[in-house]
Amino acid sequence: MPDALVLVQDIVTIACAGFNAAYFSTRWFGGRGRASHRVAAAALTLLNAAVVVESAFFLALYFAYHRHGPFHLFLAPSAWLAGRFLLLAATAFISLLILRYLASTES
């Protein structure tokens, strides 16, 4: 039963984040609305795409470990870095937007 709960939790997370990424990408690429809204949509697209990748990565790692598969492949630095790169990019993007906003309010 715990394996099924892990599977359901990550599948629902992947589905929701995929839906969110699709929605925000249409706002980003749609060309309608203010530029600041399109930039925010880009950040949210990237963040939700990162959630999809990371959830899939950890779900695969979980099942490889519990099924005695080659889970050590997931722990290789190249796989770990690739699986988490979008999360870094998304959070750094949002941090830059916050810093830009704070710099503009100080003037």
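Laboratory data are not the source of any read-out in this text; all were calculated from the coordinates shown. Quantities reported herein were computed from a predicted structural model and do not represent experimental measurements. For neighbour counting, all protein chains shown are included, and Cβ atoms are generated from backbone atoms with ideal geometry for every residue, glycine included.
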Once fully extended, how much extra length lies between Val6 and Tyr23, figured as 0.36 nm per residue of separation less the alpha-carbon to alpha-carbon distance? 3.6 nm
What number, in percent, do you get for the relative contact order of the chain if the mean sequence gap of Cα pairs under 8 Å and at least 6 apart is divided by its residue count? 27
Once you list every other residue whose beta carbon is under 13 Å from the beta carbon of Phe57, what net charge do they have if Lys and Arg are +1 and Asp and Glu are -1? -1
Per DSSP, the loop-located trypsin sites (Lys or Arg not before Pro) within region 64-107 having at most 16 other beta carbons within 10 Å are Arg67
Counting other C-beta atoms within 10 Å, and keeping those with at most 11, which DSSP coil trypsin sites (Lys or Arg not before Pro) do you find in region 14-53? Arg32, Arg34
Helix-derived [θ] at 222 nm for the chain: sum -39500 (n - 2.57) over DSSP H runs of at least 4, divide by residue count, nearest 500? -30500 deg cm²/dmol
If each part is reduced to its alpha-carbon centroid, region 1-41 and region 50-107 end up apart, in Å, by 15
After finding the eigenvalues of the alpha carbon gyration tensor for region 2-106, what semi-axes result from the square roots of 5 times each, listed largest first in whole Å? 32, 17, 10
